[in-house]
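The values are calculated or read from the model by the stated rules, or taken from the named source; none is laboratory data. Here the structure is a predicted model, which means the values were calculated and not measured. Here the Cβ positions follow ideal geometry from the backbone for every residue, glycine too, while neighbour counts run over all protein chains shown. In case anyone asks, the SASA skips ligands and DNA or RNA and just uses the protein heavy atoms, side chains included. Shrake-Rupley method; radii C 1.70, N 1.55, O 1.52, S 1.80 Å.
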Number of protein chains: 4
Amino acid sequence: MIRVGIAGAAGYTAGELIRVLISHPQVELRYLQSESHRGEPVGRVHRDLIYTNLKFSDLDLTGIDVLFLCMGHGMSAQFLERHPVPASVRIIDLSHDFRLKSNAGDFIYGLPELNRERIQGAWHVANPGCFATAIELGLLPLAKSGLLPAHVSVFGITGATGAGQKPTEETHYSHRAQNLSVYKAFSHQHLAEIRETLSGQDEDVQTDIAFVPVRGCHARGIMVNAVFESERDLSEIRSVYAACYEGHPFTVMSDEPVYLKQVVNTNYCFVHIERQDRNVLVTSVIDNLLKGASGQAVQNMNLMFGLEETMGLGLKASYF
Amino acid sequence: MIRVGIAGAAGYTAGELIRVLISHPQVELRYLQSESHRGEPVGRVHRDLIYTNLKFSDLDLTGIDVLFLCMGHGMSAQFLERHPVPASVRIIDLSHDFRLKSNAGDFIYGLPELNRERIQGAWHVANPGCFATAIELGLLPLAKSGLLPAHVSVFGITGATGAGQKPTEETHYSHRAQNLSVYKAFSHQHLAEIRETLSGQDEDVQTDIAFVPVRGCHARGIMVNAVFESERDLSEIRSVYAACYEGHPFTVMSDEPVYLKQVVNTNYCFVHIERQDRNVLVTSVIDNLLKGASGQAVQNMNLMFGLEETMGLGLKASYF
Amino acid sequence: MIRVGIAGAAGYTAGELIRVLISHPQVELRYLQSESHRGEPVGRVHRDLIYTNLKFSDLDLTGIDVLFLCMGHGMSAQFLERHPVPASVRIIDLSHDFRLKSNAGDFIYGLPELNRERIQGAWHVANPGCFATAIELGLLPLAKSGLLPAHVSVFGITGATGAGQKPTEETHYSHRAQNLSVYKAFSHQHLAEIRETLSGQDEDVQTDIAFVPVRGCHARGIMVNAVFESERDLSEIRSVYAACYEGHPFTVMSDEPVYLKQVVNTNYCFVHIERQDRNVLVTSVIDNLLKGASGQAVQNMNLMFGLEETMGLGLKASYF
Amino acid sequence: MIRVGIAGAAGYTAGELIRVLISHPQVELRYLQSESHRGEPVGRVHRDLIYTNLKFSDLDLTGIDVLFLCMGHGMSAQFLERHPVPASVRIIDLSHDFRLKSNAGDFIYGLPELNRERIQGAWHVANPGCFATAIELGLLPLAKSGLLPAHVSVFGITGATGAGQKPTEETHYSHRAQNLSVYKAFSHQHLAEIRETLSGQDEDVQTDIAFVPVRGCHARGIMVNAVFESERDLSEIRSVYAACYEGHPFTVMSDEPVYLKQVVNTNYCFVHIERQDRNVLVTSVIDNLLKGASGQAVQNMNLMFGLEETMGLGLKASYF
């Protein structure tokens, strides 16, 4: 059994992580650290879990095999400075602190479709961002095969859980329901890791990703639509994708157009490609809290510990 | 033209009030007072109104014919102590501060279906609560005719706008969407005004209103379902309602079951009655921000100034 | 391994059943019968399942240990007349055809919290209705202990999946979103099985269940609020419930008010009790497609085959 | 008073048209023709209108000044062949039958921001499509000033009302809620009128509009995000837009990013422009049933009859 500790266990992504790990056949949840909720039953915060006896507790860096860091962006680096984690403990960080090469140290970028072998040997993994995961999985096969064009227009729509747990004007139900709004046009914070991931596949390509994120009126899930011009045949493009994702259990090519709820509450990414004249559309959908965060973190844990990549991740889609 | 001032103009109910009054043919909006937003364009807060030139401003108690108080509960009484309003200025208060007889002073309870004549002569009106309006309009004909039974079970479902503008855990989209929860069972703060209104119609009746409010996953509107036992014929009950609401333009009896969106974005209350064996169901639906707040306030203003009761309130239902 | 066949496998409840069974460690899905979709990949209909190789097929009554009937109401009885199922094959029927004693034959009513021992020995189980499950679990402890009062007002709110797969005016998104409506007041088709279940616990009690169902603007889940008058202490009532549900893993008493999404996408029923003066409120919440249909069917299967009652049902709540 | 007849009065757009016209100060609704609902009260179909006495009736081509055609696409042309409308009766057609020059005859394309003067003199107007309106208003100033680039990526998100009244799998609440899906990528039926409108402004420009429509999980409203590369300064682009829309009361430039509910239940189009490096984003939002259909039809009627362009269109935004 893998002994797991979670730091920052009262947040959204930690909640999802607990929901997944609680049924994972090879995991023993050793503690759920939360400063603000120490001593309280977990079900007080993650209220579907009232049937468990789990409690929030203090940090304890001994007696675990892996530590998940579920703190806010910028907090993980601080945390690791204050709390030296023993070399025997693996770390999976869900923040953006160690994703970029300039800050990564020995952290491996935890996108299994790109880095599976390196993750299998890693002690420290930086889990990708949610939009980054959806966009990268939509464009990675092109980047790997040198087909990425110089300009891609990318439209992403994300749910309210993407904005985190803190109630704000933008996540107020009265505002958000039946609404749509653009934010951070061309300047989303995930662009850096996206550019690094895609350009890292082919030094010659400097692709301009014109990314427009939209706040949707749903709770869970990201849909990304990437549009670009290409001379290639649709069948050639599809072959490149099929080859790239063969053997990757969670990224699935769909012959039919995809829709968001096919993957909500699962760890899947579904990808669909269409083309008309010179215009190509690649649609990718994920659950931002699972494949875009906690599910991918468990996938990485499975890889790091030599388990079946899909273990504990056979999650039932909510679908409706 | 009626010269109107609004105090506390940056809140939800004030926003709705402005939206209604801006097209009212007999109203001149003189100022929209807001301490926190003074000097800003109104469209910065009520963002559908960016096409207007209105600005938030200071208070000015002269040069107006009526002042609407759109402040939080408990704030209106304080406001009037600090700011003595000239006797020549009518007041319509949207808080609960003057609804109960014990605190009302010369404020008339502003439910036109109950108090139309008194409102027409009033200088000060206390606008009813949203749940109070829906429940009272559902039961008033029974109370007036002595048919109100000793026990009524009342289930109300309200939207997120009913919880006000402040972002909270309960109004976070991620929590609220696709969700339902009970709150303040048997103890909602409107019960006092409901009891006073209904029992005031017949001193002998002390009806137990077992009221269970539910937070729904919609933004606007209240549905109230009142269930009680009665020996009366359905046709007799319906006659009592028809007689009570005849000549009241905004409360409409429906032969068919009603649904919420029939009245959303309007000032209407639709009421439907069903019966099987001894059980009777009265369903009433309103828009909590209009008939339950700002629309009814304008209706009261119309009555106080001798205008057509419906003036400026021919609002297009959003319906979808 | 239990060899499973599903008849009527293209509908909503069958979809959920497949989603659950596909990860059940003791189940081998032998076939998914569908007349209208025979030969098609399952992912064409249940589109989250495009990653599987499952196909819809013909019926085959041999080589299975249990047959789930997921056909429309009234169709199961006809089906069994036309297709005599071998005595060696267990049957779990999700329609209402065999729920009432007058039609049940040797079918056991599959509410494990009531009939666990009988289900364990049963060959044929009639799975309860969704509203019936939520209402019965809300009132069963009272019925068993003779505390059920003569009159209970019951308000239920159900999601759009409760109306089935067929697109109708009532399930059109444009109509349903942000809307609420009453239907079948005092006359819902589940009342018969509810009365039979509750009165069967105590012959002397003939309780009037005044049940008002409401269509909510959500997709999944039922909340039931039952209100009645009682002289009993809250602690006494709570003890009766605790005793009744002790050892039943899926029905959980909550000290705090419950909300719908605590149980959505799980097989749980959460129950909460409040009291003020003589009025008592019992709130129960379930996922209509799981504890109200396919999840409970798997729970019954587990019991019938001597497996752990919870096997394969450790479903991750979608929660958001 | 303008005497109005509506043909095909039981559909979505007709419902909106009735809701608007019922309060229009210069309109007398003479009849609401519906074959399928003849003789029924209008409130049986458009159920917010139960408080009126309006009934569906037969067609009558005399005694009216203007006829609105609210029938399905392809039906208007057939209708006019079967029912010769007197020359004294103006026609406003809401279908696509007369929008393209090849089919228009003497129908003027009813986009007031483009054709106001021609509409003022027109007897027959073809009301634009909903997506066409939003996209054209987003790009028209560029087209008029020769700034339209050779390639524009356009992402549109539409609500369920855009799919019409007929219940389908795609508009089933259980499917649509909390969901997103792409449809008709690069092949939406409005592309022809969009291309004709934009290229008509400058013969030399043959812009490739790569349009990806997305079905959103809301009922009303369209958001369009158009992305293209340009060397022009943001201030220059904004000036071009400001000049183009000056004096057009319903198309409003916003300095701040816009969101959908600013315009829902109104006749407004709000437009916002952002730029970073060479990438430009133009966001435009409308209510598909109003500015995208029935509201614009009334705006056109006002122009045709020499009324104030905004008359009867001071609609209160639902906003929440």
Do we have A:Glu81 as within 28 Å of A:His272 (Cβ to Cβ), surrounded by fewer than 22 Cβ atoms within 10 Å (Cβ to Cβ) and among the acidic types (Asp, Glu) here?
-> no
Can you spot a residue in region C:20-38 that is modelled with pLDDT of 95 or more, in a helix (DSSP H, G or I) and not assigned by TED's automatic domain parsing to the domain that holds C:Gln189?
-> yes
Count, please, the residues in region C:36-64 that happen to be in contact (Cβ under 8 Å) with a residue 60 or more places away in the chain and buried (at least 20 other Cβ atoms within 10 Å of the Cβ).
-> 1
Is there a residue being within 14 Å of chain C (Cβ to nearest Cβ) and within 17 Å of the chain's Cα centre (by Cα) anywhere in region B:268-275?
-> yes
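Of the residues C:Thr133, C:Thr161, only one is within 7 Å of another protein chain (Cβ to nearest Cβ), within 18 Å of C:Asn267 (Cα to Cα) and buried (at least 20 other Cβ atoms within 10 Å of the Cβ); which?
Details: C:Thr133 fails: within 7 Å of another protein chain (Cβ to nearest Cβ).
Answer to the selection: C:Thr161.
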A:Phe79 among the aromatic types (Phe, Trp, Tyr), over 25 Å from C:Lys261 (Cα atoms) and either within 14 Å of another protein chain (Cβ to nearest Cβ) or without any contact (Cβ under 8 Å) to a residue 40 or more places away in the chain (or both) = no
Residue within region C:222-240 that is more than 11 Å from chain B (Cβ to nearest Cβ), touching a residue at least 24 places away in the same chain (Cβ under 8 Å) and within 19 Å of C:Ala132 (Cα to Cα) present | no
Only one residue in D:Gln26, D:Gln33 is farther than 19 Å from D:Ala126 by Cβ and surrounded by fewer than 20 Cβ atoms within 10 Å (Cβ to Cβ). Which one?
-> D:Gln26
Scan region C:193-214 and give yes if some residue there is small (Gly, Ala, Ser), out of contact with any strand residue (DSSP E or B) (no Cβ under 8 Å at 6 or more places or on another chain), under 13 Å from C:Leu140 (Cβ atoms) and away from every other protein chain (no Cβ under 12 Å), otherwise no.
-> yes
Which of the residues spanning region B:177-189 are within 9 Å of chain C (Cβ to nearest Cβ) and within 24 Å of B:Thr13 (Cα to Cα)?
-> B:Ala177, B:Leu180, B:Ser181, B:Val182, B:Tyr183, B:Ser187
Output for region D:193-213, where each listed residue is aliphatic (A, V, I, L, M) and touching a Lys or Arg at 6+ places or on another chain (Cβ under 8 Å) = D:Ile209
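Rundown of residues vs (1) open to solvent by 60 Å² or more (accessible area, probe 1.4 Å); (2) more than 14 Å from D:Val282 (Cβ to Cβ), yes/no style:
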{"residue": "D:Pro213", "(1), (2)": "no, yes"}
{"residue": "D:Cys217", "(1), (2)": "no, yes"}
{"residue": "D:Ala226", "(1), (2)": "no, no"}
{"residue": "D:Arg232", "(1), (2)": "yes, no"}
{"residue": "D:Ile237", "(1), (2)": "no, no"}
{"residue": "D:Val240", "(1), (2)": "no, no"}
{"residue": "D:Tyr245", "(1), (2)": "no, no"}
{"residue": "D:His248", "(1), (2)": "no, yes"}
Which condition number does D:Thr13 fail, the rest of (1) under 21 Å from the mean Cα position of the chain (by Cα); (2) farther than 21 Å from D:Asp106 by Cβ; (3) surrounded by fewer than 19 Cβ atoms within 10 Å (Cβ to Cβ) being met?
-> (3)
For D:Asp97, are the conditions met, namely being of a type in the set (Asp, Glu) and part of a loop (DSSP other than H, G, I, E, B)?
-> yes
If A:Asp255 satisfies every condition in (1) more than 10 Å from chain D (Cβ to nearest Cβ); (2) in contact (Cβ under 8 Å) with a residue 24 or more places away in the chain; (3) closer than 24 Å to C:Arg44 by Cα but one, which is the exception?
-> (2)
Filter pass, C:Leu140 being open to solvent by 20 Å² or more (accessible area, probe 1.4 Å) and away from chain B (no Cβ under 14 Å) | no
Please tell me if D:Val280 is facing another protein chain (nearest Cβ under 10 Å), under 30 Å from B:Ser318 (Cα atoms) and surrounded by 18 or more Cβ atoms within 10 Å (Cβ to Cβ).
-> no
So B:Lys101 clears everything in (1) in contact with a Leu (Cβ under 9 Å, 6 or more places away or on another chain); (2) farther than 21 Å from B:Phe305 by Cα except one condition, right? Which one?
-> (1)
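Taking C:Leu147 as the residue in question, decide whether it is more than 7 Å from every other protein chain (Cβ to nearest Cβ) and surrounded by fewer than 24 Cβ atoms within 10 Å (Cβ to Cβ).
So C:Leu147 fits the description; yes.
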Across (1) more than 24 Å from C:Lys316 (Cα to Cα); (2) touching a residue at least 12 places away in the same chain (Cβ under 8 Å); (3) not in a loop (DSSP other than H, G, I, E, B), A:Leu17 clears everything bar (1)
Per the filter on region C:90-104, residues farther than 25 Å from C:Pro141 by Cβ and touching a residue at least 60 places away in the same chain (Cβ under 8 Å) are C:Arg90, C:Ile92, C:Leu94
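Per-residue answers, yes or no, for (1) farther than 18 Å from C:Glu136 by Cβ; (2) in contact with a Gly (Cβ under 7 Å, 6 or more places away or on another chain):
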{"site": "C:Gly216", "(1), (2)": "yes, yes"}
{"site": "C:Arg220", "(1), (2)": "yes, yes"}
{"site": "C:Val252", "(1), (2)": "no, no"}
{"site": "C:Asp255", "(1), (2)": "yes, no"}
{"site": "C:Glu274", "(1), (2)": "yes, no"}
{"site": "C:Asn288", "(1), (2)": "no, yes"}
{"site": "C:Ala297", "(1), (2)": "no, no"}
{"site": "C:Leu303", "(1), (2)": "no, no"}
Members of region D:285-320 found to be within 11 Å of another protein chain (Cβ to nearest Cβ), closer than 23 Å to D:Asp255 by Cβ and open to solvent by less than 10 Å² (accessible area, probe 1.4 Å), listed by number = D:Val285, D:Asp287, D:Ala317
Of the residues that sit in region B:105-126 and are touching a Phe, Trp or Tyr at 6+ places or on another chain (Cβ under 9 Å) and open to solvent by less than 10 Å² (accessible area, probe 1.4 Å), which one is farthest from B:Leu59 (Cα to Cα)?
-> B:Glu113
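Suppose the filter is in contact with an Asp or Glu (Cβ under 7 Å, 6 or more places away or on another chain) and over 25 Å from A:His151 (Cβ atoms); does D:His175 pass it?
Answer is yes for this residue.
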Residue check: is A:Gly138 farther than 22 Å from A:Tyr12 by Cβ, at pLDDT 95 or above, of a type in the set (Gly, Ala, Ser) and under 18 Å from the mean Cα position of the chain (by Cα)?
-> yes
